[in-house]
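The values are calculated or read from the model by the stated rules, or taken from the named source; none is laboratory data. Just so it is clear, the model here is predicted, and its values are computed rather than measured. Note that we place each Cβ from the backbone using ideal geometry, even for glycine, and neighbour counts take in every protein chain shown. Only protein heavy atoms, including side chains, enter the accessible area calculation; ligands, DNA and RNA are left aside. Shrake-Rupley method; radii C 1.70, N 1.55, O 1.52, S 1.80 Å.
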2 protein chains.
Amino acid sequence: MSDSSSPAGTVESEGPVAAERALPLLGMIAYFQLAAFSRFAADSTLAPTLAERLSMAGFARNALDRVDRVAQRIAELGGELQPTMRPFAGVLVEFDRRTEPSTWAERLLKGYVGYGVADDFAEALAEGLDPVSHSVVDAVMVDDGHAGTVVAALGAAGEVDATLTPRLALWGRRLVGESLGVVQGVLADHPEIVRLLSVALPGDEPQQRLFARLTAEHTRRMDRLGLAA
Amino acid sequence: MSDSSSPAGTVESEGPVAAERALPLLGMIAYFQLAAFSRFAADSTLAPTLAERLSMAGFARNALDRVDRVAQRIAELGGELQPTMRPFAGVLVEFDRRTEPSTWAERLLKGYVGYGVADDFAEALAEGLDPVSHSVVDAVMVDDGHAGTVVAALGAAGEVDATLTPRLALWGRRLVGESLGVVQGVLADHPEIVRLLSVALPGDEPQQRLFARLTAEHTRRMDRLGLAA
């Protein structure tokens, strides 16, 4: 029931086992957050009002702060930020190419849906990490007000333009499909993430259960907007 | 030699005179720094390496932190950020349209020259402010390493490609011409900035002396790159 150093079923917060499991996920999260920085900063530049421009710039800054928080944990585990995140660099390029928003509302929904799925994916995987790394991921994923801002803005826009709601519902389905495709691509290219998933969601068919969970979370997010998933 | 409240030649750090003089400049600086955030963030997205992407993202974050520092001083003077910066919103749109970089080196030089002129303009005007506002502007304008990063990167690129140096010298002249055009546009459209300039550079022909100073600073900056201004 126990090995020489730790009780069965627990993982030390430092050491080779913790590092081997945590570093790939931390690298992926750092890349997703850097991509979120770029995305929110680009959104800021295109924002229709100065207030929204400042607000989106603040969300971009928060994403970059999260990269630093993750980098700190990577360093504690003996890794380095750039080599750890590099295997994931470019994972979102194709997603971005396939989901170019044509309006400000579509742009807002893209951030809400796309990063929502990415965050849920990371949080599911984090359940397989040592407690310290897990708590770092949880802290990084705390909503900084972005979701509430998008919900309020799209709600207000939907009241002005009744045709917006069905168009956004369609756009949301497109976005979640492409986002789940990114997750599939990561699992296909990264056996170390697949191994972590089997620790995080022990039992049969972890990938199937992961996708069920990501889809359910997406439905909850769309409900909050009053949109059918 | 003195009036009822303050010694001749000094300006109280709070009160209507300080606020009337400082708010327009603080609004202009806040807008320039928000524009710098957007520019550096866009540069980050286009950076050729992950290291440069992270580095430019950090400079973008620093620019946004400066907006907050200026906003704090605006609040101390009884103003509000958005109405104070709004008169300057869009001042750089035409500049950006006319100076679209075609390479990474041109992009780096644009940040170095364009924001160099903007910073020098702000620092010259700050000499007409109350001491507290002046020190806030000085603190905001402290170089965060951006200039050194650009000088090192362009120096390294010039060693690999000898044809780069004359092309960048030409591009630098184009950039400084357009940047001085922005300054001229601000002076033409903002009598409150012209009034502040006559306090900051008392005596004859303050505008002529301002342009002489901006040109001399630009020459020094190009010298640092080994480029003829």
Can you compute the FRET efficiency between B:Q207 and A:E12 using 1/(1 + (r/R0)^6), with r the Cβ-Cβ distance and R0 = 56 Å? Round to the nearest 0.05.
0.25
Rg and Dmax [Cα atoms of the protein assembly as shown; Å; Rg one decimal, Dmax integer]
25.6, 90
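Can you send over the carbon and sulfur percentage of the accessible area for the range B:12-112, probe radius 1.4 Å, protein chains only?
On the way: 2110 of 3870 Å².
Carbon and sulfur together cover 55 percent of it.
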Compute the Rg/Rh shape ratio of the range A:164-220: radius of gyration over Kirkwood radius, all on alpha-carbon atoms.
1.08
Interface A/B, total buried accessible area with a 1.4 Å probe, nearest 100 Å²?
1900
For chain B, go through all pairs of different Cα atoms, get the mean of 1/r, take its inverse, and jot down that Kirkwood value in Å.
18.4
Accessible surface of B:H146 in the full protein assembly, 1.4 angstrom probe, to the nearest 10 Å²?
20
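Quick one: ranking A:F211, A:F88 by accessible area, 1.4 Å probe, largest first, what do you get? Working shown, then result.
Details: A:F211 40, A:F88 5 Å².
My answer, sorted largest first, is A:F211, A:F88.
In Å², what does the accessible area per residue of the range B:31-113 work out to with a 1.4 Å probe? Mind showing how you got there, number by number?
Numbers: 3150 Å² over 83 residues.
About 38 Å² of surface per residue is accessible.
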Indicate the residues belonging to the range B:73-94 that lose 30 Å² or more of solvent-accessible heavy-atom surface (probe 1.4 Å) upon moving from the chain alone to the assembly of all protein chains, ignoring ligands and nucleic acids.
B:Q82
Be a star and scan the range A:98-137 for residues whose amide nitrogen sits under 17 Å from the point 7 Å along the Cα-to-Cβ vector of A:A156.
A:104-109
